[in-house]
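The values are calculated or read from the model by the stated rules, or taken from the named source; none is laboratory data. Keep in mind the model is a prediction, meaning the values are calculated, not measured. Cβ: placed from backbone, ideal geometry, glycine included. Neighbour counts: every protein chain shown. To get the accessible areas, we keep the full protein, side chains included, count just its heavy atoms, and leave off ligands, DNA and RNA. Shrake-Rupley method; radii C 1.70, N 1.55, O 1.52, S 1.80 Å.
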Amino acid sequence: RRQRALLWAVLLAAWEAAWGQLRYSVPEEMPKGSFVGDVAKDLGLQLPEISDNAVRVVSKGRMQYFAVHGKTGHLVTAERIDREQLCERVQQCVLRCELIVEGEMKFYEIEVEITDINDNVPSFRGAEIELRMSETTAPGSRFPLPDAHDPDSGRNSLQSYELSGDEHFSLAVQAGPGGDQRPELVLAKALDREEAAFHELVLRASDGGDPARTGTARIRVTVLDANDNAPVFSQAEYTVRVPEDVPVGSVLVAVKATDADEGLNGQVKYSFHKISDRASELFYLDSETGEITVKNSLDFEEISSHELEVQAHDGGELFDTAKVIITVTDVNDNAPEILVQSALSAISEDSPSGTVVALLHVQDLDSGANGDVRCSLDGDVPFRLQSSHGSYYSVVTARELDREQVSEYNVTVRAADGGSPSLQSSAVLALRVSDVNDNAPVFEEAAYSAYVAENNAAGALVLRVQARDADAGANGRVSYWLAGGSAGAAGAAPLVSVEARSGALYAQRSLDYEQCREFTVAVRAQDGGSPARSSTATVRVFVLDRNDNAPRV
């Protein structure tokens, strides 16, 4: 049966993957690492992407229940999942998470239904139930019995009650307002204290699992002398609204019941008749005064409403029941949380406007205005926020970048909720701007002049030219070349040379003023980019005369 359920989940996921959402189902209590669905196949992802940690699962909440197996691309359980712990009062238990594909800047929503198994036995809050009845109690009278609790769902939940004991009592089961079964002990035959002062019964609760599980409680009925007035509550229902930050020990409400009898039969005591396990940890009922106080801190995000039943009973065990509804209201006690799901560490300076540099998920556990989050970027930066889907935002470029002006950015993303006072949080994105070859070398002078005395030594330094390039790395590395020139009949090429790295011009041979008095050369500066950029400067060399010729007649 479990294999058929898994096959159906795989077929359903394949149909929904086309819509950006996957649905699977898995039974509760499966071991860590159990198969949930083949997300790699359903989304058409390649296994290298998954093995390189470019795909990951983010759950909506503080617990991560699922993960992606790096070798198979399967969605597997990251923890043992207890359906009753997660979805105590929810018929269909669905966990939601997102699959983040970092390389593609995409995410997919995944819903996993946690199906129930019959792993819980119906149980009563107490194994022993003590009832006290007057011997004048009329046959047909009904006495509510404590409900059994089975956190399983569907057929695996509580289905029936059975009573065994003696002929004086029978069992009736009534349907509550929410469809739950409420057992009642029915007096079938008049009691006689002188005949029997006690009656021992067994109440059995069974679920509908296969095989069925049962739980029992022993009922001890004590027969009393007559008590003809029951306590009566001043209200059938008490309602109270309380903020979640109410101090521990605060009194929320005081229930009140009165009994017209005197003495022990008129003394009223209070107790919880129906209360969930979690509510019993949060609230305390004073049996003497009827005051309900806060025992532990409340949390609106955990449970926003509690429904209790309080019973007032007198000394003869006659009783009345009232309902108490406690509504917990939200206060702004959670700051927004910014999660950087994917981000670039570097971006090219020629990236077009609108390029995505980061994917953010912003959430606030509060509700209403306290959970409404506004996001912004600090300072005058060439980036802007763009809402992607739901609580996801993209950080994109807002204009062209220039590495030569600003080479790196620390972009601060700030999230503020709508509470009063507002709570804020921030995250910093470190982004480096990478260089492109968008600047040509620039000479310090467009034209240079140099003076060299004739009869110089070969290899003598004539002049040093210098060009600068604002780019970085190879794009800013400058080399020098001769690009032509004029030197009259002598020609420029054999007269000077240029050193490629330093830009130094050297005389190739001894110059003769009487043969060449001046000449010009063109020097080209070229960077190491691809394609390369270059510029040219002109160097004019003047040869100075020396007295190296005697007069001739």
Check off (1) buried (at least 17 other Cβ atoms within 10 Å of the Cβ); (2) without any contact (Cβ under 8 Å) to a residue 60 or more places away in the chain; (3) closer than 30 Å to K41 by Cβ for L99 and give me the number that stays unchecked.
-> (2)
Among (1) open to solvent by 30 Å² or more (accessible area, probe 1.4 Å); (2) in contact with a Gly (Cβ under 9 Å, 6 or more places away or on another chain); (3) on the phi < 0 side of the Ramachandran plot, G368 falls short only on (3)
Pick from segment 436-476 the residues that are without any contact (Cβ under 8 Å) to a residue 40 or more places away in the chain and assigned to a loop (DSSP other than H, G, I, E, B): which of them is surrounded by the most Cβ atoms within 10 Å (Cβ to Cβ)?
-> Q466
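Output the number of residues of segment 335-363 satisfying the condition of being part of a loop (DSSP other than H, G, I, E, B), among the acidic types (D, E) and touching a Ser or Thr at 6+ places or on another chain (Cβ under 9 Å).
Residues in segment 335-363 being part of a loop (DSSP other than H, G, I, E, B), among the acidic types (D, E) and touching a Ser or Thr at 6+ places or on another chain (Cβ under 9 Å): 1 in total.
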Given (1) under 24 Å from D245 (Cβ atoms); (2) charged (D, E, K, R); (3) open to solvent by 30 Å² or more (accessible area, probe 1.4 Å); (4) outside the structural domain of T293 (by the TED database), D350 misses just (1)
Does D320 satisfy being surrounded by 15 or more Cβ atoms within 10 Å (Cβ to Cβ), in contact (Cβ under 8 Å) with a residue 60 or more places away in the chain, touching a helix residue (DSSP H, G or I) at 6+ places or on another chain (Cβ under 7 Å) and farther than 26 Å from L365 by Cβ?
-> no
What number of residues in segment 523-553 are open to solvent by less than 20 Å² (accessible area, probe 1.4 Å) and assigned to a strand (DSSP E or B)?
-> 7
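Which residue out of D286, D245 is without any contact (Cβ under 8 Å) to a residue 24 or more places away in the chain and either of a type in the set (D, E) or within 30 Å of V58 (Cβ to Cβ) (or both)? Even if it seems obvious, please write down each step before you answer.
On the way: D245 fails: without any contact (Cβ under 8 Å) to a residue 24 or more places away in the chain.
When all the criteria are applied, what remains is D286.
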Filter pass, T239 being β-branched (V, I, T) and loosely packed, with under 12 Cβ neighbours inside 10 Å | yes
Checking S422 against (1) open to solvent by less than 70 Å² (accessible area, probe 1.4 Å); (2) touching an Asp or Glu at 6+ places or on another chain (Cβ under 9 Å); (3) in contact (Cβ under 8 Å) with a residue 60 or more places away in the chain, which test does it fail?
-> (2)
Using the structure shown, decide if D548 is in contact with a strand residue (DSSP E or B) (Cβ under 7 Å, 6 or more places away or on another chain) and among the charged types (D, E, K, R).
-> no
Selected residue [within 16 Å of F319 (Cβ to Cβ) and surrounded by fewer than 18 Cβ atoms within 10 Å (Cβ to Cβ)] from A260, A279, A212, A254 = A260
Kindly indicate whether any position in segment 214-225 is in a strand (DSSP E or B), of a type in the set (S, T, Y), more than 47 Å from the chain's Cα centre (by Cα) and within 25 Å of F124 (Cβ to Cβ).
-> yes
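So that you can scan it fast, the table gives a plain yes or no per residue for (1) over 28 Å from Y161 (Cβ atoms); (2) among the aromatic types (F, W, Y); (3) modelled with pLDDT of 90 or more; (4) touching a Gly at 6+ places or on another chain (Cβ under 7 Å):
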position: H199; (1), (2), (3), (4): no, no, yes, yes
position: T216; (1), (2), (3), (4): no, no, yes, no
position: Y238; (1), (2), (3), (4): yes, yes, yes, no
position: P247; (1), (2), (3), (4): yes, no, yes, no
position: T258; (1), (2), (3), (4): yes, no, yes, no
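Given the residues S160, S170, which is the only one that is in contact (Cβ under 8 Å) with a residue 24 or more places away in the chain, assigned to a strand (DSSP E or B) and among the small types (G, A, S)? Working first, answer last.
Working: S170 fails: in contact (Cβ under 8 Å) with a residue 24 or more places away in the chain.
Sole residue among the options that is in contact (Cβ under 8 Å) with a residue 24 or more places away in the chain, assigned to a strand (DSSP E or B) and among the small types (G, A, S): S160.
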Evaluate segment 362-380: report whether one residue or more is over 27 Å from the mean Cα position of the chain (by Cα) and touching a residue at least 24 places away in the same chain (Cβ under 8 Å).
-> no
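Of the residues E200, E195, which is among the acidic types (D, E) and in contact (Cβ under 8 Å) with a residue 12 or more places away in the chain?
On the way: E195 fails: in contact (Cβ under 8 Å) with a residue 12 or more places away in the chain.
Going through E200, E195 in turn, just one is among the acidic types (D, E) and in contact (Cβ under 8 Å) with a residue 12 or more places away in the chain: E200.
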Scanning segment 323-352 residue by residue, the ones that are over 30 Å from P382 (Cα atoms) and either touching a Pro at 6+ places or on another chain (Cβ under 7 Å) or free of Cβ contacts under 8 Å to residues at least 60 places away in the same chain (or both) total 2
Note on segment 35-58: residues open to solvent by 70 Å² or more (accessible area, probe 1.4 Å) and either modelled with pLDDT under 85 or among the polar types (S, T, N, Q) (or both) are Q46, L47, P48, D52, N53, R56
